[in-house]
Amino acid sequence: MEDDVTTAALLAWVRRFADLVAANRDYLTQLDSAIGDADHGTNMDRGMRAAVAAVEEAAPATAGALFTKVGMTLVSTVGGASGPLFGTFFLRMGTSFGGAEAVSPKDFAAALHAGLDGVVQRGKAEAGDKTMYDALAPAVTALEQALDEALPLPAALAKAHAAAVAGRDATIPLLARKGRASYLGQRSVGHQDPGATTVALLLEAAAGTAT
Amino acid sequence: MEDDVTTAALLAWVRRFADLVAANRDYLTQLDSAIGDADHGTNMDRGMRAAVAAVEEAAPATAGALFTKVGMTLVSTVGGASGPLFGTFFLRMGTSFGGAEAVSPKDFAAALHAGLDGVVQRGKAEAGDKTMYDALAPAVTALEQALDEALPLPAALAKAHAAAVAGRDATIPLLARKGRASYLGQRSVGHQDPGATTVALLLEAAAGTAT
Amino acid sequence: MKKLINDPADVVAEALQGFEAAHPDLQVDHHNKIIYRGDAPRSGKVGLISGGGSGHEPMHGGFVGLGMLDAACAGEIFTSPVPDQMLAATKLVDGGAGVLHVVKNYTGDVMNFEMAAELAAAETGARVVSVVTNDDVAVQDSTWTAGRRGVGVTVLLEKIAGAAAEQNRSLDEVADVARTVNANGRSMGVALTSCTVPAAGKPTFELGEREMELGVGIHGEPGRQRLPMGTAREIAALLVEPILADLPFSRGDNVIAFVNGMGGTPLIELYVMYNEVRQILNGRGVQIARSLVGPYMTSLEMAGASVTLLKVDDDMVSLWDAPVRTPGLRWGI
Amino acid sequence: MKKLINDPADVVAEALQGFEAAHPDLQVDHHNKIIYRGDAPRSGKVGLISGGGSGHEPMHGGFVGLGMLDAACAGEIFTSPVPDQMLAATKLVDGGAGVLHVVKNYTGDVMNFEMAAELAAAETGARVVSVVTNDDVAVQDSTWTAGRRGVGVTVLLEKIAGAAAEQNRSLDEVADVARTVNANGRSMGVALTSCTVPAAGKPTFELGEREMELGVGIHGEPGRQRLPMGTAREIAALLVEPILADLPFSRGDNVIAFVNGMGGTPLIELYVMYNEVRQILNGRGVQIARSLVGPYMTSLEMAGASVTLLKVDDDMVSLWDAPVRTPGLRWGI
Ligand SMILES: Nc1ncnc2c1ncn2[C@@H]1O[C@H](COP(=O)(O)OP(=O)(O)O)[C@@H](O)[C@H]1O
Ligand SMILES: Nc1ncnc2c1ncn2[C@@H]1O[C@H](COP(=O)(O)OP(=O)(O)O)[C@@H](O)[C@H]1O
Ligand SMILES: [Mg+2]
Ligand SMILES: [Mg+2]
Ligand SMILES: [Mg+2]
Ligand SMILES: [Mg+2]
């Protein structure tokens, strides 16, 4: 079907995400200095560079193989909290795609949702805990709604990106209840969550790719 | 004889020296930071406080006993280079006075000279090495000359003080060849020697007392 | 940032090379960034592994050796190692009696060790038990936080559980000792300066010339509150009182008192701090059975110190006294 | 200035109280500020004493114990102790076989130990021999200076001569070993930051954000030259090359390689430095027989490191390997 998402497009998304992480590396680490331990940008950049190298070498034919490779590489190279979390996210996307040759927009949204579920299982985060969840969950919901409203994927991803950005910004006033930032209690209020910021970059990459 | 130096006057000199050291403590340490290890003021202040306390307790009757006590106390409380050096200086003055009841200006000059000799024996410094010697030696010479010219002690001590100040200032352009400052080689040039500065205070106290 | 390093990205790998050369009796797996005992695995002996972000040296790699850890996984600076490393370490030290994972309670460490345990269960027959340390009283333990951080008690636990394993106690027994140590230990720290993560290039936080960060984390996470700088006496009270109140420790208790340096604070100051801590404990009738003073769990060049008190019984004291031969702690052999 | 202290004037006295409480097997004479072995004097054994300004911990007090020093005199921070202390220490450790004074070559230390030896000769029958260490190649040894400073070699000498004394070698033999160690050892250090003497309250010197002080002294004395900050690789070469050229060390020589931390530099960086030092030595065919990496001779919170190379023969290596039981160095017991 013509509006199927090609593996090439998905690979382009992963590449674009890696580029955005690299470009925002110091910014992400800066955010993590305020309420964490000053390594989030370094961690994600190290991991996404390795992921891109790995998929370029393996040249996976299917979406399933692609995201499984990305997820495994993140788990094996990132460490910290974001390694298992972003790693699990991509691994679950891979499982969701399975061996399928073709990926429809709905398949893509379903995979994203499966990734979100993986993050929740791993990290037990709930809405408002001031984590990556607070950017990812609204993005998934927005994507699903837009597709239900029969919007084309690019428009739907634009809405998902907008939702992730809104969710990211909404973490600023929150009091952290998960992760390192939770040690700060009240002092975590007023700072933007690094992981949520990375999720916004992930959706920015998706919206930017699907055009 | 009426122009004899009383033990009380000598004690007043020691006290005044201690006060000047206390007042210049941080300045002396500052000088030692530049070409040494930032402790000369602290060392001399600790020692002179102890010396004053010791002579107040012992209330020595003779000049000999007074300076022996000051010297012993400095040796036992100062440490570093200045402990043995200033300690020996006062010890030798004490020995020079011996058990004498009366101290004439000439006796005083002779004792000062004996103290200088002690410093040289202990530290092997020569003129121009950029040490306390470079303030002390000219002061002793100036005192002896002034007394030979039959000047009264106060005037003679004023000249000795002037010579010590000149000697102190003359250490600035010198390249250190003794003590910690000698490690600096050329980099010691341009800095005033801490020990020479303390010697100038010693003579300032003498000139200020003998009036 | 001024550090004795080359490329920030190479610090951990190069430090491991230096470590290997300096400690010929230990082995280093450079690919997996694991330091392990030359005689591992020892059949019949429970394997003890730990690991965490680097920058806390000598913890954990400096605690590998007879009577303490069998292997330690080195993560990037302040970043938990990855499951692959813990899995490889588990395989290296499994002598058939099972493997104990000593995990400090940080979201990243817990999740990575969890994944490693899942993988170990799937890939090998090895029985793995994890004990998580969470002794930092600066963090309130509630469902509203990730729970208390694992800090100073981890060092004492690795020594005491390591001695138990060296006696060939069973995995359940060693895990029991480990849990008892964690349950009876409390810690709190203070920072006088920040640390600088090499890859970040600038201090993690800023402190004024007259400020200190009370309850700071070992990764330079901001602490409980920022206070005006105090004397050693005042600071010792700010650290010890919350610890005493928390367990609580009471008159007649025997403790191991541990004054830990954060990295940038000279030893002479740690002895001044220990002198204050000991006087507070004397005043409360808390008996110091053993003590440890020095930089054992550091945060790069951060200036500051932490205090850990561990309530001990005779078994724990004799395990503490048992011979240990590691680069970081050594006695009796 | 932010330090974990109370009154700057009390730092040394309070640290000694903390030290005494932390190390029950050692004795402390608080009046004379002496740390000494609980079993001193040992009849028939040469007594080894050293001492110097405080602020270099664990040196010297942390090296008192079986197989190393019998007593150490603690001066004020960066200020040599006074003759009364050394005299008292000499009396404490004299077991009839004589006493060796280990003196670092600084005008103050040398003069105070000299006076102490004079007093000991007058007051007691004790035979005293002094060995002065002067291994710092940063200072040119000439009649134009006070001579080279005693630095890292002092630590190695105290261990090796201490082991010789523990074997009940005679005073002349022990002094001989000590002189041989000093003659075969060379050192050089670098500072990345200054230290702050508590009583002074501000840094002894100022270094720019991109500067380092090459050849710095352990009291924060300015060094040979101020250079732009370099990588660990470049700095290791700047330290090792002058050392190698000076003795000189040559292909096939066996050495003890010692990378010392100045106090404020984290252990992970010292391992990175050691990794560079070892590679330079490998390249020259200089064999590393033994190594020591850590903060053993510090300068308060100064960031930086020093490298010491000691050319050793088999006797020195076996003396190095002999059991030692001190707070700062311990193995074999
Ligand atoms: N339990 C959790 N669930 C979901 N996300 C989490 C959780 N804990 C932490 N995070 C995310 O991880 C981010 C921090 O990642 P990172 O700094 O790389 O790891 P670490 O905190 O171990 O240094 C936080 O900003 C937050 O978004
Ligand atoms: N060999 C010497 N002869 C005479 N005076 C000396 C000698 N060495 C050092 N001094 C004096 O001692 C002063 C330093 O004293 P101080 O700082 O108290 O001792 P230290 O150098 O041990 O820290 C120098 O400024 C110098 O005047
Ligand atoms: Mg982080
Ligand atoms: Mg000085
Ligand atoms: Mg981290
Ligand atoms: Mg001094």
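The values are calculated or read from the model by the stated rules, or taken from the named source; none is laboratory data. This structure is a prediction, so every number in the text was calculated from the model and none was measured. Note that each Cβ is placed from the backbone with ideal geometry, even for glycine, and that neighbours are counted across all protein chains shown.
A compact table of results
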read-out	value
C:V293, sole failed condition from (1) more than 8 Å from chain D (Cβ to nearest Cβ); (2) surrounded by 17 or more Cβ atoms within 10 Å (Cβ to Cβ)	(1)
Matching entry among B:M48, B:M44 (being within 16 Å of ligand 4 (Cβ to nearest atom) and more than 14 Å from chain D (Cβ to nearest Cβ))	B:M48
In the stretch D:208-225, the residues that are more than 9 Å from chain B (Cβ to nearest Cβ) and not in a loop (DSSP other than H, G, I, E, B)	D:E211, D:M212, D:E213, D:L214
Residue that is surrounded by 24 or more Cβ atoms within 10 Å (Cβ to Cβ) and of a type in the set (D, E), where the choices are C:D7, C:D70	C:D70
Any hit, the stretch A:27-37, residues being in contact with a Ser or Thr (Cβ under 6 Å, 6 or more places away or on another chain), closer than 27 Å to C:V216 by Cβ, at pLDDT below 95 and within 16 Å of ligand 5 (Cβ to nearest atom)	yes
Positions within the stretch C:77-101 being away from chain A (no Cβ under 12 Å) and either over 21 Å from the mean Cα position of the chain (by Cα) or within 16 Å of ligand 3 (Cβ to nearest atom) (or both), in sequence order	C:K91, C:L92, C:D94, C:G95, C:G96, C:A97, C:G98
Some residue of the stretch B:100-110 being within 30 Å of D:G51 (Cβ to Cβ) and surrounded by fewer than 24 Cβ atoms within 10 Å (Cβ to Cβ)	no
Candidates C:V216, C:V286, C:V307, filtered to the one that is within 16 Å of ligand 5 (Cβ to nearest atom), touching a residue at least 12 places away in the same chain (Cβ under 8 Å) and farther than 22 Å from D:G294 by Cβ	C:V216
Filter pass, D:M115 being of a type outside the set (V, I, T), closer than 19 Å to B:G123 by Cα, within 12 Å of chain B (Cβ to nearest Cβ) and within 16 Å of ligand 4 (Cβ to nearest atom)	no
Selected residue (only one of B:D3, B:D45 is charged (D, E, K, R) and closer than 18 Å to B:L201 by Cα)	B:D45
Pairs where the first residue, in the stretch D:53-64, is facing another protein chain (nearest Cβ under 8 Å) and assigned to a helix (DSSP H, G or I) and the second is buried (at least 24 other Cβ atoms within 10 Å of the Cβ) and at pLDDT 95 or above, C-beta under 6 Å, 6+ apart	D:G62/D:G328
Residues located in the stretch C:1-23, provided they are more than 9 Å from chain D (Cβ to nearest Cβ) and more than 22 Å from the chain's Cα centre (by Cα)	C:P8, C:A9
Yes/no for C:I256 being of a type in the set (V, I, T) and without any contact (Cβ under 8 Å) to a residue 12 or more places away in the chain	no
Output for the stretch A:53-97, where each listed residue is in a helix (DSSP H, G or I) and within 10 Å of another protein chain (Cβ to nearest Cβ)	A:M72, A:L74, A:V75, A:S76, A:T77, A:S82, A:G83, A:P84, A:L85, A:G87, A:T88
Filter result (in a loop (DSSP other than H, G, I, E, B) and either aliphatic (A, V, I, L, M) or out of contact with any Pro (no Cβ under 9 Å at 6 or more places or on another chain) (or both)) within the stretch D:300-315	D:L300, D:M302, D:A303, D:V312, D:D313
Residues that are of a type in the set (A, V, I, L, M, F, W, C), surrounded by 19 or more Cβ atoms within 10 Å (Cβ to Cβ) and more than 9 Å from every other protein chain (Cβ to nearest Cβ), drawn from the stretch D:239-279	D:L239, D:V240, D:I243, D:L244, D:F249, D:V255, D:I256, D:F258, D:M262
Check on A:S33, over 20 Å from C:V110 (Cα atoms) and in a helix (DSSP H, G or I)	yes
Which numbered condition D:R233 fails, given (1) within 12 Å of chain C (Cβ to nearest Cβ); (2) in a strand (DSSP E or B); (3) not hydrophobic (A, V, I, L, M, F, W, C)	(2)
For A:V5: the one exception among (1) surrounded by 22 or more Cβ atoms within 10 Å (Cβ to Cβ); (2) in contact (Cβ under 8 Å) with a residue 24 or more places away in the chain; (3) over 16 Å from the mean Cα position of the chain (by Cα)	(1)
Scope the stretch D:104-120; condition in contact with a Pro (Cβ under 7 Å, 6 or more places away or on another chain) and either among the β-branched types (V, I, T) or away from ligand 6 (no atom under 13 Å from the Cβ) (or both); matching residues	D:M115, D:A116, D:L119
Condition met for B:A34 (more than 16 Å from ligand 2 (Cβ to nearest atom) and either surrounded by fewer than 16 Cβ atoms within 10 Å (Cβ to Cβ) or closer than 21 Å to B:G179 by Cα (or both))	no
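Condition check ((1) over 22 Å from A:G79 (Cβ atoms); (2) under 16 Å from the mean Cα position of the chain (by Cα)) across all residues:
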residue: C:H31; (1), (2): no, no
residue: C:A40; (1), (2): yes, no
residue: C:C73; (1), (2): no, yes
residue: C:V103; (1), (2): no, yes
residue: C:Y106; (1), (2): no, yes
residue: C:V110; (1), (2): no, yes
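For every residue, the table says whether it meets (1) within 16 Å of ligand 6 (Cβ to nearest atom); (2) of a type outside the set (S, T, Y); (3) surrounded by fewer than 24 Cβ atoms within 10 Å (Cβ to Cβ).
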position: C:A22; (1), (2), (3): no, yes, yes
position: C:S43; (1), (2), (3): no, no, yes
position: C:I49; (1), (2), (3): no, yes, no
position: C:G53; (1), (2), (3): no, yes, no
position: C:G65; (1), (2), (3): no, yes, no
